[in-house]
Each structure stands twice: as structure tokens, then as C-alpha cells.
């Protein structure tokens with residue numbers, strides 16, 4: 001009986017020992033903004049993004065020099081259009097942000113006329129607490145990428 005338990009423990013030790021040695025290496029986190037390719041922006045200009053994409057097409061599709069030049073021209077035109085759309089979208093988002101900020105200020109002024117000073121103080125504390133929790137959550141989500 002004792003020999004059976006001893007053999008079982010010895011076998012389990014060998015199995016677990018070999019399993020522990022085959023563990024996968026720890027996942028290395030990639031830096032957020034380094035080594036980004038043309039699809040993620042990567043700090044390239046519109047022309048550079050177009051050129052990288054055209055070279056990739058030339059390699060993958062075996063384009064002739066004439067085809068490459070035409071594709072490059074099309075890609076540059078497309079990259080510039082995309083840049084303009086991004087700039088317009090950013091301006092639109094900033095305008096919307098300003099409208100929302102003004103709306104929140106108007107709402108707060110309305111609350112201020114209704115609430116007592118103690119209620120207003122509590123309201124501000126709750127708002128600040130919520131704001132810090134949102135920032136904390138945003139940082140945590142960004143860290144997981």
C-alpha cells in the first residue's frame with residue numbers, strides 16, 4: 001500500500017515537473033505607438049502611406065513599373081481624400097464637444113437655481129467622484145491593449 005502511494009506521488013511529481021517546464025513564455029506587451037504600419041497611421045504623411053501601400057501591391061501583385069506609377073497616383077489621391085475627411089471629422093467632433101460643454105454648463109446653472117447650497121455641494125462631490133472613476137476606467141482599458 002505504501003509503495004503504491006509512493007509510486008503514485010513519484011509519477012505525479014515527474015508529470016507536473018515536465019509540464020511546468022513546457023509553460024508558454026509570458027506575453028510581451030507591445031508599445032502603443034511604436035512600429036505602427038501605414039494602416040494605423042504610423043506617423044506617415046499621406047504620400048508616404050500611399051507609397052508603402054503601392055509598393056506592397058507591386059510586390060504582391062507583380063505590377064509593372066507603369067502599373068505601379070498609376071496605382072501610386074491613385075493611392076496618393078485616395079490618401080489625401082482620407083486625410084481631408086479625418087480633418088473634417090475632427091473639426092465636427094470639436095464643435096460637438098463645445099456644444100455639449102455649453103449644454104452641461106446650462107444644465108448646471110439650472111440645478112444651481114433649484115438646489116440648496118448643501119445639495120449643490122453634494123452634487124459636485126458626486127460629479128467629481130464619477131469623473132475620477134471614469135478616468136480610472138479609461139486608463140485601465142487603455143492598459144489592456
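The values are calculated or read from the model by the stated rules, or taken from the named source; none is laboratory data. Since the structure is predicted, the reported quantities are computational estimates derived from the model, not experimental observations. When we count neighbours, we look across all protein chains shown, and the Cβ atoms used for this are built from the backbone with ideal geometry, even at glycine.
Observations, loosely collected:
- In the stretch 41-67, residue farthest from residue 81 (Cα to Cα) [restricted to those that are surrounded by 14 or more Cβ atoms within 10 Å (Cβ to Cβ) and more than 24 Å from the chain's Cα centre (by Cα)]: 63
- Residue under evaluation residue 142, criteria (1) surrounded by 10 or more Cβ atoms within 10 Å (Cβ to Cβ); (2) within 30 Å of residue 45 (Cα to Cα), criterion not met: (1)
- Yes/no for residue 30 being in a helix (DSSP H, G or I) and either surrounded by 13 or more Cβ atoms within 10 Å (Cβ to Cβ) or modelled with pLDDT under 65 (or both): no
- Considering (1) out of contact with any helix residue (DSSP H, G or I) (no Cβ under 7 Å at 6 or more places or on another chain); (2) modelled with pLDDT under 90, the lone condition that residue 44 does not fulfil carries the number (1).
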